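To start, the structure under review is shown below, and the notes come after it.
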Amino acid sequence: MFETTRYEMSRRLRGTTILTIGLSLYTAFIVWYFSLLDPSAFEQMTQSMPPAMLDAFGVSGIGSIGGWLGTQIYTFLWLLGLGIYFAYTAAGTIASDIESDRMDLLLSFPVSRNQLLVEKFASLLLPLIVLNVVVGGVTYSLVVAIGETIDPMHLALVHLLSIPYLLVCAAIGMILSVLVDRAAVAERAAIGLVFVLWLVESAVGAAEDFAWIQNISPTHYYSPTPVLIDGSYELIDAGILIAAFLGLIIVSQVLFQRRDI
């Protein structure tokens, strides 16, 4: 049992290592750059920016290390960048095997379609956990190294609460993976869909008449900057994301079961 998960994880090990090193180096640059800047200049700059732009880019308390990290790393790198990455990666899991006719061989073994889908999806836990643990630890170490202080619990919460969000993004990619025959089409669709959902939350929020549309975006339920600054978050938002993730996985299982391969 879980042979497929172990095999898929071994295939993701190299990519996970490279991505973790890359994000750690980017984080090091952002933290180092903060040590060179005058925080008051950023506060003055944000006062002249329109509220819609501040909301879209997650700009809040940018003069503090928490606000700086929330704006420069977690709003883009975690919300958009990693959201797209996990959706893209999941979108190729099933579709690539169907396209290469490898799925016929996999299903010839004593394994159900539901189990195969769950085990392939479970392999994404490797980059999900490694990225959050390593980059979180690197971030805290670097902040301390430049003489700044950040609440370690707030930083840990940012990474912990990102897991349901990233799982939803991956589940979106999984649904596309079982719907589309070609992996490249599923992957491009996953990138576009996650970007549009991020844009919905960022752009539509300024229009009060259409604010309800934000509820369909997973980004609406994960705001890293307030967590970093003062530890404020809504536990119900994490619950909504977990429910959405489970619902999307169940839908993908149903679609995969009915799929003619």
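The numbers here are math on the coordinates, done by the rules we state, and not lab data. Treat the numbers as computed from the prediction; the structure is a model and nothing was measured. A quick note on method: Cβ atoms are made from the backbone with ideal geometry, for glycine too, and the neighbour counts reach across all protein chains shown.
Compute and list, largest first, the equivalent-ellipsoid semi-axes of the chain from the alpha carbon gyration tensor, each √(5λ) rounded to a whole angstrom.
Gyration-tensor ellipsoid for the chain: 36, 21, 14 Å.
Take each uninterrupted DSSP H stretch in the chain, measure its Cα extent along the helix axis, and return the ones at 15 Å or beyond whose mean Kyte-Doolittle hydropathy is at least 0.0.
On the way: long enough: 3-34 (45 Å, 0.18); 83-99 (24 Å, 0.64); 125-145 (30 Å, 2.19); 152-179 (41 Å, 1.97); 183-203 (29 Å, 1.56); 235-258 (35 Å, 1.85).
Qualifying helices, which must be both long enough and hydrophobic enough, are 3-34, 83-99, 125-145, 152-179, 183-203, 235-258.
Hey, got the dipole for the chain? About the Cα centre, +1 on K and R Cβ, -1 on D and E Cβ, debye to the nearest 20? The partial results should precede the final answer.
Working: 11 positive and 21 negative charges, 174 e Å.
Taking the Cα centre of the chain as origin, the dipole is about 840 debye.
Evaluated at 25 °C with a viscosity of 0.890 mPa s, what Stokes-Einstein diffusion coefficient in µm²/s does segment 79-211 have when Rh comes from the Kirkwood expression over alpha-carbon pairs?
My calculation gives 147 µm²/s for D.
Please give the Cα centre distance for segment 115-136 versus segment 143-191, rounded to the nearest Å.
10 Å
Quickly estimate the mean residue ellipticity at 222 nm for the chain, helices only: each DSSP H run with n ≥ 4 gives -39500 (n - 2.57), and the total goes over all residues, rounded to 500. Write down the numbers at each step before the final one.
Values: 12 runs with 186 residues, N = 261.
Helix contribution divided over all residues of the chain: -23500 deg cm²/dmol.
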